[in-house]
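The values are calculated or read from the model by the stated rules, or taken from the named source; none is laboratory data. Everything numeric in this text was worked out from a predicted model, so none of it was measured. So basically every Cβ, Gly included, is an ideal-geometry build from the backbone, and we count neighbours across all protein chains shown.
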Amino acid sequence: MISSILVPIDGSGHANRAVGFAIELASRFDARLVLMHVASDDLPGELAEFAEAEGLKGPEVPRIVAERILDAAEDRARDADVTEVDRVLAGGDPAKAILEAADARGVDLIVMGSRGLSPLGERALGSVSHEINTHAKCITAIVR
């Protein structure tokens, strides 16, 4: 039985597909959905371009962009009638933060994209998703 799903999101296409899959599972199993973003001081290219296009400037930009990413995912979940949605905004090493959040919240499943926005995205399986898949104590689903 799946009662709690963690989905780390970074605004990438793979993460957006993971959000859709996690929302579908949360709806089907009436599970709590935990949306998570691990912010970095340096925005990857696509997010930096988004921030510039939005006219965002200053040290708060990574947090503002993170909140917008979480807002969009939460809106999708609410539109799909997912009733229990939590949000986590963390910093630091993404894999470590995701694993700690999964353990702290006792999630049954982590759903994440196979690659994110980092420059290492050209690999067959992203380094963060590989780390999660290797070390998570719960089931993991990697979405392409």
- Message: Please determine whether any residue of segment 3-15 is modelled with pLDDT of 95 or more, under 21 Å from Thr140 (Cβ atoms) and surrounded by fewer than 16 Cβ atoms within 10 Å (Cβ to Cβ).
- Response: yes
- Output for Cβ contacts, cut-off 9 Å, separation at least six or different chains, first residue on the phi > 0 side of the Ramachandran plot in segment 18-36, second among the acidic types (Asp, Glu), reads Asp30/Glu84
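Quick one: in segment 59-87, of everything that is among the β-branched types (Val, Ile, Thr) and part of a helix (DSSP H, G or I), which residue is nearest to Ser3 (Cα to Cα)? Don't jump to the end; show me each part of the working.
Step one: filter segment 59-87 for residues among the β-branched types (Val, Ile, Thr), giving 61, 64-65, 69, 82-83, 85.
Now drop any that are not part of a helix (DSSP H, G or I), which leaves 61, 64-65, 69.
Details: Val61: 34, Ile64: 30, Val65: 29, Ile69: 24 Å.
If we take residues in segment 59-87 being among the β-branched types (Val, Ile, Thr) and part of a helix (DSSP H, G or I), then Ile69 is nearest to Ser3 (Cα to Cα).
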- Of all residues in segment 24-67, count the ones that are at pLDDT below 65 and among the charged types (D, E, K, R). 1
